[in-house]
Amino acid sequence: MDIRTVDGIVEKYQGKRTALISMLHDIQNQYHHLPEKALRRVALRLKMDFTDIYGVATFYKSFSLTPKGKHSLTLCLGTACHVRGGPKILREVKKLTGIGPGQTTPDRQFSLEVVNCLGVCAIGPVVVMDGKIHGEMTVGKVRRMIGKLKAKESGGRA
Ligand code: FES
């Protein structure tokens, strides 16, 4: 973790405490999680207590204190998505990535989360990949999506 990068993010928001959430989002985008050192630096720069920053970081589900994969996969297993085949999608994702919900692949390429409803039940089953919602998911579609990302990451060799 580079202190100057964190300082740059704080300065981007003129060191305003009201921009704390945006700063944390930027730090997470940079490091795929919120390193403790970065949070301590933000606390110092904003003249806030570390515990207050830590509280914000742990309150929001979108923040992670442990390293996440480069690509995030979120599967909905709420009732509507469940009856439309969500569990089959989850089985396929587990097979393709080797990880279960809450885990990150050892090469830090993929992180997997499961949620209960994303509010778009009509297009279920739903998968969110890197923040983009994909509806009417099928085993074939998710296989192609993950395959494409794997191929891209390995420079088209996969
Ligand atoms: S149950 Fe999946 S979006 Fe509502």
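Computed values, structure above
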item	result
Sole residue being modelled with pLDDT of 95 or more, of a type in the set (A, V, I, L, M, F, W, C) and either within 10 Å of the ligand (Cβ to nearest atom) or out of contact with any Asp or Glu (no Cβ under 6 Å at 6 or more places or on another chain) (or both), chosen from Cys81, Cys117	Cys81
So Pro101, is it under 29 Å from Ile53 (Cβ atoms), without any contact (Cβ under 8 Å) to a residue 40 or more places away in the chain, assigned to a loop (DSSP other than H, G, I, E, B) and more than 11 Å from the ligand (Cβ to nearest atom)	yes
Qualifying residue in region 45-56 (condition: in contact with a Ser or Thr (Cβ under 7 Å, 6 or more places away or on another chain) and either within 15 Å of the ligand (Cβ to nearest atom) or assigned to a helix (DSSP H, G or I) (or both))	no
Residue that is farthest from the ligand (Cβ to nearest atom) [pool: residues in region 57-78 that are under 12 Å from Val115 (Cα atoms) and crowded, with 16+ Cβ neighbours inside 10 Å]	Leu73
Candidate set from region 120-137 (those that are part of a loop (DSSP other than H, G, I, E, B) and not aliphatic (A, V, I, L, M)); member that is farthest from the ligand (Cβ to nearest atom)	Asp130
Residue in region 141-151 that is modelled with pLDDT of 95 or more and within 16 Å of the ligand (Cβ to nearest atom) present	yes
Failed criterion for Val142 (all others in (1) within 12 Å of the chain's Cα centre (by Cα); (2) surrounded by 14 or more Cβ atoms within 10 Å (Cβ to Cβ) hold)	(1)
Residues of region 91-129 classified as under 19 Å from Lys70 (Cα atoms) and crowded, with 20+ Cβ neighbours inside 10 Å, total	7
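Conditions (1) without any contact (Cβ under 8 Å) to a residue 40 or more places away in the chain; (2) touching a helix residue (DSSP H, G or I) at 6+ places or on another chain (Cβ under 9 Å); (3) closer than 21 Å to Gly131 by Cβ, marked per residue:
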residue: Lys47; (1), (2), (3): yes, yes, no
residue: Ala57; (1), (2), (3): yes, yes, yes
residue: Phe63; (1), (2), (3): yes, yes, yes
residue: Lys68; (1), (2), (3): no, yes, yes
residue: Leu73; (1), (2), (3): no, yes, yes
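The values are calculated or read from the model by the stated rules, or taken from the named source; none is laboratory data. Note that this is a predicted model, so its numbers are computed, not measured. Note that each Cβ is placed from the backbone with ideal geometry, even for glycine, and that neighbours are counted across all protein chains shown.
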